[in-house]
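Before any comments, here is the structure.
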Amino acid sequence: MPAAVVSIENVREALPAYKRDEFDKALAIMAMPSFSSVALLSPKRMNGAEIAEAANAQMHGLTGDQIIHRADEILRERRAREREQAVRTLTRLSEKQARAEQDAAQLARFRIDSARYYMSQSPYGTPEPVIDLEVTNGTDEAISEVRLQGVVKSDDRATPWINETFYYVISGGLEPGETAKWSLAPNRFGVWGNTQIPGDATFVVTLAGLKDAEGEPLWTSPALSKNEAAKLARLHEEYPGISLIEE
């Protein structure tokens, strides 16, 4: 090993000065096989002992120019593998994004035309929460159940009074093109029965899911996570000319 260290340093010193930086990078490439090609573009120079330990077997018998040439081959091979992996990842994430957008567009065809939340009085004089909804099924499927997200908030409060998911099973279903009006009675002992909520609070309902006539969920492809979206954006930036048809 000491002889290998001396040999590496001697080979470096024997090269023309303008090739020594290139030689240093070549040594780093051969000594760090797990590093990405991007990380190896500007590596720190390793000392002779580190190089000898990490890559002596690969460099045995090679001249300085041969080491530079071999490192260039390794880097090209590594870049090719990284590009192939990038194509696979881009394809997977792009397809997932496309499915999520298509399903979201289908769900958007089921419209919530109006929504109202208020407190009424029961025959016994107790306050009873009520949710009035008017919806239109603009999809091509008969709908047997809707899942909704309801938010009740006031402008002077940072936290909503209510932020709850609820569902409604449609008796007889809702056929394509049909409109329906529902008056729902949520549990008055739960969050919906909070009598402290002011009458001028804002009520917003969004669609969270649908089920078909057989009770099977419709259009459920998930959107990209924050990490996946960031990764997709990063890959587009790193490989601007990449084509998904290469997959």
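Taking the criterion of being crowded, with 17+ Cβ neighbours inside 10 Å and of a type in the set (V, I, T), the only residue of the range 153-168 that qualifies is I162.
Residues in the range 178-219 that are assigned to a loop (DSSP other than H, G, I, E, B), under 12 Å from F110 (Cβ atoms) and either aromatic (F, W, Y) or open to solvent by less than 60 Å² (accessible area, probe 1.4 Å) (or both): W219 only. Within the range 85-100, the residues that satisfy the criterion of being in contact (Cβ under 8 Å) with a residue 24 or more places away in the chain and open to solvent by 60 Å² or more (accessible area, probe 1.4 Å) are R88, Q97, R99. Taking first residues from the range 111-136 that are in contact (Cβ under 8 Å) with a residue 40 or more places away in the chain and farther than 20 Å from K153 by Cβ and partners that are among the hydroxyl-bearing types (S, T, Y) and exposed (fewer than 12 other Cβ atoms within 10 Å of the Cβ), the Cβ contacts under 9 Å between residues at least 6 apart in sequence or on separate chains come to E128/S120; E128/S122; E134/S114; V135/S114. Among the residues of the range 142-152, those identified as surrounded by fewer than 20 Cβ atoms within 10 Å (Cβ to Cβ) and touching a residue at least 60 places away in the same chain (Cβ under 8 Å) are A142, S144, E145, R147.
Within the range 43-84, restricting attention to residues that are open to solvent by 90 Å² or more (accessible area, probe 1.4 Å) and not in a helix (DSSP H, G or I), the residue that is modelled with the lowest pLDDT is R45. For E228, the requirement of being in a loop (DSSP other than H, G, I, E, B) and modelled with pLDDT of 95 or more is not met. Of all residues in the range 165-186, those that are under 22 Å from E128 (Cβ atoms) have Cβ atoms under 6 Å from Cβ atoms of residues that are of a type in the set (A, V, I, L, M) and open to solvent by less than 80 Å² (accessible area, probe 1.4 Å), 6 or more apart or on another chain, in T165/A208; F166/L148; Y168/V146; A180/V135; A180/L174; W182/L133; L184/I131.
The values are calculated or read from the model by the stated rules, or taken from the named source; none is laboratory data. Just so we're clear, the structure is a prediction, and the values are computed from it rather than from any experiment. Cβ sites come from the backbone with ideal geometry, for glycine too, and all protein chains shown count toward neighbours. Note: accessible area is taken over every heavy atom of the protein model, side chains too, but ligands, DNA and RNA are not part of it. Shrake-Rupley method; radii C 1.70, N 1.55, O 1.52, S 1.80 Å.
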